[in-house]
Structure formats: structure tokens, C-alpha cells
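Here's the structure we're looking at; comments come further down.
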Amino acid sequence: MRREKEKNLSDIVIALCADYERRNSVIKDKSERERVISEYLYINSKLFGAAAEIAGPEQAERYINDIGNAIGYARTEVEDVSEGTYKKMKTEIKENMYRRLNFV
């Protein structure tokens with residue numbers, strides 16, 4: 001049961017990360033109602049904050065992109081980390097996202 005819950009949380013976070021750039025575009029263009037934009041701001045700030053806390057603000061969006069698009073170490077744009085460190089940080093970021101979004 002616990003493994004299934006973790007898989008579901010992971011799927012949700014992956015989907016939210018995959019949609020991060022689209023939400024940013026809507027926020028910048030103000031092409032939705034105010035309520036929708038405020039929800040998008042909330043979600044994106046939680047994702048960015050979780051990633052920035054672990055990886056730093058300069059690498060946060062790269063990790064969000066990698067999580068959302070299932071990009072691994074071989075294709076990442078994250079710089080100056082070993083493969084082991086990259087994988088560990090990616091896992092820590094996802095777990096931090098669960099907490100920041102109040103999933104756990």
C-alpha cells in the first residue's frame with residue numbers, strides 16, 4: 001500500500017513539473033482569470049521553492065524540467081554535479097515537493 005501511495009505522489013509531482021513552463025507562460029501573459037493565475041503562482045512557487053532549497057535557485061528550474069520530462073543524468077542541463085549527486089538531489093527535490101505541496 002505504501003509503495004502504491006508513493007508511486008501516485010510521484011506521478012502527480014511529475015505531472016505538475018511537466019506543466020511548470022506552461023503555467024509560467026500563462027502567468028506572464030495573464031491569459032487566464034485572476035483566480036487561475038493565483039493558483040498557478042501557488043503551485044509554481046511551491047515547486048520552485050522545493051527545488052531551490054535543495055539545488056539552489058540557479059539550478060531549480062533545470063531540476064523541475066528534468067523531473068517533469070523524465071530526463072536523466074545523460075541529457076540534463078544541470079551543471080557541476082556527479083551522476084550520484086544528481087540522482088540523490090533529484091530524489092530529495094521530489095520528496096521536498098511532496099512536503100511543500102502538503103502531500104505528506
In the stretch 1-13, how many residues are of a type in the set (Val, Ile, Thr) and touching a helix residue (DSSP H, G or I) at 6+ places or on another chain (Cβ under 6 Å)?
1
Does at least one position in the stretch 43-66 carry a residue that is touching a Lys or Arg at 6+ places or on another chain (Cβ under 9 Å), in contact (Cβ under 8 Å) with a residue 60 or more places away in the chain and under 26 Å from Asn8 (Cα atoms)?
no
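To keep it simple, each residue is scored yes or no on (1) over 14 Å from the mean Cα position of the chain (by Cα); (2) at pLDDT below 95; (3) not hydrophobic (A, V, I, L, M, F, W, C).
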| residue | (1), (2), (3) |
| --- | --- |
| Val13 | no, no, no |
| Asp19 | no, no, yes |
| Arg22 | no, no, yes |
| Glu32 | yes, yes, yes |
| Arg35 | yes, no, yes |
| Ile43 | no, no, no |
| Ala74 | yes, yes, no |
| Lys90 | no, no, yes |
Quick one: would you say Ser82 is within 23 Å of Phe103 (Cβ to Cβ) and small (Gly, Ala, Ser)?
no
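The values are calculated or read from the model by the stated rules, or taken from the named source; none is laboratory data. Source: prediction; values computed, not measured. Reconstructed Cβ throughout: ideal geometry from the backbone, glycine too, with neighbour counts over all protein chains shown.
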